[in-house]
1. Does Thr221 count as hydroxyl-bearing (Ser, Thr, Tyr) and modelled with pLDDT of 85 or more?
2. Could you grab me the full set of residues in the stretch 46-94 that are of a type in the set (A, V, I, L, M), under 15 Å from Thr104 (Cα atoms) and surrounded by 20 or more Cβ atoms within 10 Å (Cβ to Cβ)?
3. Residue check, Val293 against (1) assigned to a loop (DSSP other than H, G, I, E, B); (2) in contact with a strand residue (DSSP E or B) (Cβ under 6 Å, 6 or more places away or on another chain); (3) of a type outside the set (Ser, Thr, Tyr), all met but one. Which one?
4. Which of (1) under 22 Å from the mean Cα position of the chain (by Cα); (2) at pLDDT 75 or above is the odd one out, the single condition Tyr68 does not satisfy?
5. Scan the stretch 208-227 for residues that are in contact (Cβ under 8 Å) with a residue 60 or more places away in the chain, closer than 18 Å to Gly285 by Cα and either open to solvent by less than 10 Å² (accessible area, probe 1.4 Å) or touching a His at 6+ places or on another chain (Cβ under 7 Å) (or both) and jot them down.
6. Being part of a loop (DSSP other than H, G, I, E, B), touching a residue at least 40 places away in the same chain (Cβ under 8 Å), open to solvent by less than 90 Å² (accessible area, probe 1.4 Å) and aromatic (Phe, Trp, Tyr): is that true of Phe286 here?
7. Tell me, please, whether a residue that is acidic (Asp, Glu) and at pLDDT 80 or above can be found in the stretch 139-155.
8. Of the conditions (1) at pLDDT 85 or above; (2) part of a helix (DSSP H, G or I); (3) surrounded by 14 or more Cβ atoms within 10 Å (Cβ to Cβ), Phe274 clears all except one; give me its number.
Amino acid sequence: MNNKIFNLVAVLNETFKEIDIDFDDHMEVMNSIGFLHLFDDLKDFRQPGKIQYNLSDILLLCFLSIIYEGKTTCLGIYDHILVYKSRYEKYGLIKDGQIPSHDTIRRTLMCIDPVEFEEITIGRIYEFLQELRKCAQGTMYCHQSVDGKEARGSGRSEDTKNPQRNINVLNVYSNSDCLCIHSKPVETKTNEIPVAQEILRLMDLKKTVITFDALHTQRETCNIIASKKGIYVAPVKDNQSGLREEILEKFKKYEQNPKKKITTLDTEKRNFRFISLPSNYDDCGFTGMKTLVEMVSHTRKKAITQCH
């Protein structure tokens, strides 16, 4: 059995547990955005005269059994389909009451090209999860992180005829959905900062928390996120001395003023202090700043103070 196919959707099982809508609502959302035809474009490798079940239907039934109940065996998938037989018949995934056996499911999955499967599904899965969030009750925020990765060994050393640095790719990873939603190579004549800004300008960041390392703690980057209605968590390192000193100075002023409130949170290895800022605060030039954070980490022998 091809584990890559299962691994692609098994991680979504925990996400679905957190979304407070039932099975029928899931199916209605799928039906409304055409998700029930997700696998229609996947090439069918079987002999036409020997086909009893549509390839698209078998794969979607497997997909649903994994994300709803975490079923990752052919017998488990078959049992799930049997239990929900009448519901799947309603949406045309089961015809004439006939259910594919676990052997049929196994043979089908063993022959699917996982690369083609992933290419077809990855974008549609993300779209589906976004639609589900719109149906969920309450306020839910999506967490996405921006991070560059260098492919070691992909370049050429300086002592060769045509030296070239390693390939660097900037990724935007949706931690909420367990999906990499954007990847863009960083050209040799630039760096991650303008590439990140280019990607963020194209994204819908409503109810989205964006995290990144200190390299991207740039006014322009944060202002883009704020203009797109997103929330950023911007770490400040020692080499960003001006901004760091401004944050620490703000904490000192609050300590000296009894009318100002500093919220604290202590864990086993970290101590946090928070200052809530006025809605129109922009003293640092960062649009949309809502909170200043001072964290003292005790994970090493010497305590380290970090600012956000």
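1. On the way: hydroxyl-bearing (Ser, Thr, Tyr): yes; modelled with pLDDT of 85 or more: yes.
Answer is yes for this residue.
2. Taking the stretch 46-94 as the starting set, the residues that turn out to be of a type in the set (A, V, I, L, M) are 51, 55, 58-61, 64, 66-67, 75, 77, 81-83, 93-94.
Narrowing further to those that are under 15 Å from Thr104 (Cα atoms): 51, 55, 58-61, 75, 77, 81-82, 94.
Passing the criteria: Ile58, Leu59, Leu60, Leu61, Ile77, Ile81, Ile94.
3. Single failed check for Val293: (1).
4. The failed condition is (2).
5. Passing the criteria: His216, Cys222, Ile225.
6. Working: part of a loop (DSSP other than H, G, I, E, B): yes; touching a residue at least 40 places away in the same chain (Cβ under 8 Å): yes; open to solvent by less than 90 Å² (accessible area, probe 1.4 Å): yes; aromatic (Phe, Trp, Tyr): yes.
In short, yes.
7. Of the residues in the stretch 139-155, the ones acidic (Asp, Glu) are 147, 150.
So of that shortlist, the ones also at pLDDT 80 or above come out as 147.
So far as the stretch 139-155 goes, yes, one or more of its residues are acidic (Asp, Glu) and at pLDDT 80 or above.
8. Checking Phe274 against (1) at pLDDT 85 or above; (2) part of a helix (DSSP H, G or I); (3) surrounded by 14 or more Cβ atoms within 10 Å (Cβ to Cβ), the one that fails is (2).
The values are calculated or read from the model by the stated rules, or taken from the named source; none is laboratory data. These numbers come from a predicted model, not from an experiment. When we count neighbours, we look across all protein chains shown, and the Cβ atoms used for this are built from the backbone with ideal geometry, even at glycine. Each accessible area value is taken on the protein alone, full model and side chains, heavy atoms only, with ligands, DNA and RNA left out. Shrake-Rupley method; radii C 1.70, N 1.55, O 1.52, S 1.80 Å.
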